[in-house]
Amino acid sequence: MRCQNLKIGGVLREAREQQGLSQRRLALRAGTSQDAISRIERGTETPTLERLGQLLLALGRRPVLSIEPLEGPVPQSELAASGAMSPSERLSEASSWNRMASQLAIAGERARSEGHPATVRRER
């Protein structure tokens with residue numbers, strides 16, 4: 001899990017540095033603290049997808065989520081974790097993903113309706 005956090009932190013750090021911003025300046029733009037930015041970049045704090053989106057938006061970026069098929073079978077450890085959940089726990093986890101997807105759709109629609117620059121499609 002920590003490795004994934006470092007990847008998220010690295011993405012944020014790289015985007016921030018490409019804009020030539022300090023952690024403090026990004027924090028001011030995003031309405032948070034420099035310490036929060038530092039924790040995310042170091043991988044000691046995992047932001048929600050919504051929070052990461054807000055931070056990237058403050059940098060003039062937007063996150064793009066994609067999924068890819070596994071090259072091999074699902075690891076037994078992953079199957080065991082899912083199998084250890086009760087049906088109500090699995091339903092709760094699935095509905096939390098559904099809520100997140102709904103929130104992303106609403107936020108995207110709001111940004112598009114407000115004409116936010118991150119939502120403008122660019123010609124290729």
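Restricting attention to the stretch 32-55, and to residues there that are more than 22 Å from Ser96 (Cβ to Cβ) and touching a residue at least 24 places away in the same chain (Cβ under 8 Å), which single residue is surrounded by the most Cβ atoms within 10 Å (Cβ to Cβ)? Per the stated criteria, the residue is Ile37. Scanning the stretch 76-122 for residues that are exposed (fewer than 11 other Cβ atoms within 10 Å of the Cβ) and farther than 30 Å from Leu56 by Cβ yields Gln76, Ser77, Ala80, Gly83, Ala84, Ser86, Pro87, Ser88.
For every residue, the table says whether it meets (1) touching a helix residue (DSSP H, G or I) at 6+ places or on another chain (Cβ under 8 Å); (2) surrounded by fewer than 16 Cβ atoms within 10 Å (Cβ to Cβ); (3) more than 19 Å from Thr119 (Cα to Cα); (4) in contact (Cβ under 8 Å) with a residue 24 or more places away in the chain.
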| residue | (1), (2), (3), (4) |
| --- | --- |
| Gly10 | yes, yes, yes, yes |
| Leu21 | yes, no, yes, yes |
| Glu68 | no, yes, yes, no |
| Pro73 | no, yes, yes, no |
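FYI, it's all coordinate maths here, none of it is from the lab. The model shown is predicted, which means the values in this text are computed figures rather than measured ones. Every residue, glycine as well, gets a Cβ built from its backbone with ideal geometry; the counts of neighbours run over all protein chains shown.
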